[in-house]
1. Under the classification rounded if a/c is under 1.5, otherwise prolate if a/b is larger than b/c and oblate if not, where does segment 22-165 fall, given a ≥ b ≥ c as square roots of the Cα gyration tensor eigenvalues?
2. Along the Cα-to-C-beta direction of Ser160, a point sits 7 Å from the Cα; which residues of segment 90-124 have their amide N less than 17 Å from that point?
3. Please go through the residue pairs Lys28/Lys161; Lys76/Lys161; Lys33/Lys161; Lys27/Lys87 and name each one whose alpha carbons sit more than 23 Å apart in this structure.
4. Tell me whether segment 55-136 comes out rounded, prolate or oblate; compute the Cα gyration tensor, take square roots of the eigenvalues as a ≥ b ≥ c, and use a/c under 1.5 as the rounded threshold.
5. Rounded if a/c is under 1.5, else prolate if a/b beats b/c, else oblate: with a ≥ b ≥ c from the C-alpha gyration tensor eigenvalues square-rooted, which is segment 91-165?
6. Mind listing the long-range amide H neighbours of Val50? Cut-off is under 5 Å, sequence gap 5 or more, other chains count too, H placed in the peptide plane at 1.01 Å from N.
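Here, each number is a calculation from the coordinates, and none is a lab measurement. Please read all numbers here as calculations on a predicted model, not as lab measurements. All Cβ positions, even for glycine, are placed from backbone atoms using ideal geometry, and neighbour counts span all protein chains on display.
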Amino acid sequence: MATNEGSERANVDISKIKVGQGEGYDKKCIFCKVVNNEMGTEILHVDEEVSCFRDIKPGAPHHYLVVPTRHVGNCKSLSKEHVSLEKMVEIGMEILQKNNVLDLSDVRFGFHWPPFCSVSHLHLHVLAPASQLGFMSRLFYRPNSYWFVMADQLIQQLNSKGETT
């Protein structure tokens, strides 16, 4: 598990953003529980739209997950009403910069494509430095493979369908 060194905690009162167990919350979803502060996970960013925390099985020295604060299934079920993918990427970049990752040319932003999702809650993998991914991580987070789609490619796909992010 990654350490907390060099990171900043979210300076947000999560109780004001708590989704609760109604609309936008899936009681079986581990990420809904994390965002709802039920798991004791350190939340690095939270707002009405997106939340960010560390991946529990990091594939790179910096491996963060940016998720919609409200439950959204996966890449295939996205529509313009769900969440801004651009905002998810923007928050990922902010978290990297807060953690002293300055070389943004050596990062990887992407989503696992169903059925290759371990959790059925949309989540953006933010990995840095990409040049330090291990052998298995290079396979697991391989750009534009059958199982992993880069964020910019998914944004482009949604826009070409007439969906805006």
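1. rounded
2. It comes to 111, 113, nothing else.
3. Exceeds cut-off: Lys28/Lys161; Lys33/Lys161; Lys27/Lys87.
4. Oblate is the answer for segment 55-136, as a/c is 1.5 or above yet b/c matches or exceeds a/b.
5. Details: a/c = 1.89, a/b = 1.27, b/c = 1.49.
Oblate, because a/c is 1.5 or more while a/b does not exceed b/c.
6. Sorted by chain and number, the residues that satisfy this are Thr69.
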